[in-house]
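First comes the structure, then the notes that go with it.
Only the coordinates and a few stated rules stand behind these numbers; no lab work does. All values reported here derive from a predicted model rather than from experimental measurement. So basically every Cβ, Gly included, is an ideal-geometry build from the backbone, and we count neighbours across all protein chains shown.
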Amino acid sequence: MANIRLTKPTMAVLDALLSATADRPAWGLSIIRDADLGPSTVYPILERLQERGWITSREETGPHPGRPARRYYELTGTGRMQAAQALAARASRFTRFGFAGGAA
C-alpha cells in the first residue's frame, strides 16, 4: 500500500470519512460540506485514496428519485487505521507547538 501526501485538504477529507457512520455514510457532497472544500479538490483526493487502498466506494442502490445515484465512500480497515494515526500525529504536533484544538 503506497503512502499518500497528507496535506491539509487530505486531512480534512480523512476527518470527514472517519466521522461517517452506517446511519450517516460519507458521499461526495457530504464530504465536500464536512471538509469545507470544493469538488475540484475533494474528488481527486478521493481518487488517490481509492487508488492506494485507503477507501472503497459503492453506488447507492436504493431509490433516488429526481437525482443521480450517490457514490458512498468508506475507509478500509487499513485506511481507517492510517487515517486515525495521521490525524493523531497531527494533533500531537499542534499540541506540542502550543496550538489549541489540533487544527490550523
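What to note about this one:
- Dipole magnitude (debye, nearest 20) for the chain, charges at Cβ of Lys, Arg, Asp, Glu: 300 debye
- Option label - Rg/Rh (Cα atoms, Kirkwood Rh) computed here, alternatives (1) 1.00; (2) 0.95; (3) 1.17: (1)
- Computed over the chain: relative contact order in percent, which uses C-alpha pairs under 8 Å that are six or more apart: 27 percent
- Dipole orientation for the chain: of the candidates 46, 29, 10, 10 has the Cα lying most toward the positive pole (charges on Cβ; Lys, Arg +1; Asp, Glu -1).
- At R0 = 30 Å, FRET efficiency that the Cβ-Cβ distance of residue 89 and residue 58 yields, to 0.05: 0.55
- Cα-projected label distance for residue 8 with residue 23, points at 7 Å along beta-carbon direction, nm: 3.3 nm
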